[in-house]
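For reference, the structure is listed below as structure tokens.
Every read-out reported here was derived from the displayed coordinates using simple, explicitly stated rules and does not represent laboratory data. The model shown is predicted, which means the values in this text are computed figures rather than measured ones. Positions of Cβ are backbone-derived with ideal geometry, glycine not excepted, and every protein chain shown enters the neighbour counts.
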Amino acid sequence: MFATLLGALPRPPLPSEALGPELVTAAVRAQEAAGLDPLTDGGPPARADAGRDGSKSVAATWRSTQALTDRAVKQAIAGPYTAGHGGPRTAERTRATLERASALNASIRELAAAGCPLIEIHEPASTTIGTDERERALFREAQLRLLDGVGDTHLSLVITGGNADAAGIETILAAPYASLAVDLIAGPDNWRLVAAAPGERGIICGALSAAGTSDDGPELLLWAAGYAASMSGRGPARVGLASASSLAHLSWPVAVRNLERLGEAARLADEPPETRILALDPRAVSSRSAALGRVEPRPSRGPDRGAEST
């Protein structure tokens, strides 16, 4: 089972004059040390206009990050529906959203041709669609344009920040995404999307809280992964673990600790059951065994230090 980051990391503790490549290297090394795979560059999702103002294209940025590691590096992109979201639906907003989807399609094709193994499309505004049929139709059309003709890479739709289940799985997965990543902390009703998703679609469980005060252990993460794997005959090979959303608002030490918890849970998921049990809180395994003292409780991790409130 794999573990990955959804969203950005805070700035690493480097000198203020540190340049972009140094920041990306620090983010990559932190993820490697925690056991994550695939990795990110630690920044927010790329915008639709990346590369048009003379800056590096999305594909060039991805190549630079991939050159830093022998692990897979994914690329996150801000989706067209979210980028064009705001205010009531108008003809102008519809046109701009669909044009943005077409422009992003070219960037995705370039990434796929460059060898990017996984491209994430972040659409947090999908949580606002609800039962509005016009918004559902716009989301579907934007996603279909975005993915039109794209092959040779894994495309994943990422939903964070709330519940998107009211839009319906026929809207959320109208386009041929290979996997769906959902925030299960701010959006617990997204479990309905997981349950409705076809078994051949992968599920990335955003089950690690992005709150700096949380003390999530592997028990919740392993439960979430197991539950997702049990639905529609999906199996563990099509399930991953992730942070529920961006960690950019946290202090660096707390963010790194969250990465380590993700990596620990993914490692335990691949251990034999008898080994995994010894690393878990006995109450999560068997309340009777715990009460009888048959399983030694693992030491408390204690409260996080240095967390920043949100």
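Whole-Hz Karplus values for the range 19-28 come out as 8, x, x, 5, 5, 5, 4, 5, 5, 5 Hz, taken residue by residue from phi with 6.51 cos²θ - 1.76 cosθ + 1.60 and θ = phi - 60°; glycine and proline positions read x.
Shown in residue order for the range 117-132 are the 3J(HN,Hα) couplings computed by the Karplus curve 6.51 cos²θ - 1.76 cosθ + 1.60 at θ = phi - 60°: x, 8, 10, 9, 10, 8, 10, x, 5, 4, 5, 9, 5, x, 9, 5 Hz (x for Gly and Pro). The phi-based Karplus calculation (6.51 cos²θ - 1.76 cosθ + 1.60; θ = phi - 60°) puts the 3J(HN,Hα) values of the range 29-39 at 5, 5, 5, 4, 4, 7, x, 7, 5, x, 9 Hz, whole numbers, x for Gly and Pro. Take the Cα of Glu260, step 7 Å toward its Cβ, do the same at Leu14, and the gap between the two points is 2.2 nm. Distances between placed amide hydrogens fall under 5 Å for Cys205 paired with Gly240, Leu241, Ala242, all partners being 5 or more residues away or on another chain. Counting Lys and Arg as +1 and Asp and Glu as -1 over every other residue whose Cβ lies under 9 Å from the Cβ of Arg201, the net charge comes to +1. Assign one of three labels to the range 2-276, namely rounded, prolate or oblate, based on the Cα gyration tensor with a ≥ b ≥ c the square roots of its eigenvalues; rounded applies when a/c is under 1.5, prolate when it is not and a/b is larger than b/c, and oblate otherwise. Oblate shape, in that a/c is at least 1.5 and b/c is the bigger or equal ratio.
Using a cutoff of 8 angstrom between alpha carbon atoms and counting only pairs six or more residues apart, the relative contact order for the range 142-281 works out to 21 percent. Packing, taken as the mean count of other beta carbons within 10 Å per residue, orders the peptides 59-69, 113-123 from highest to lowest as 113-123, 59-69.
Other residues within the sphere of radius under 14 Å centred on the Cβ of Ile185, judged by their own Cβ, net out at -3 (K and R +1, D and E -1).
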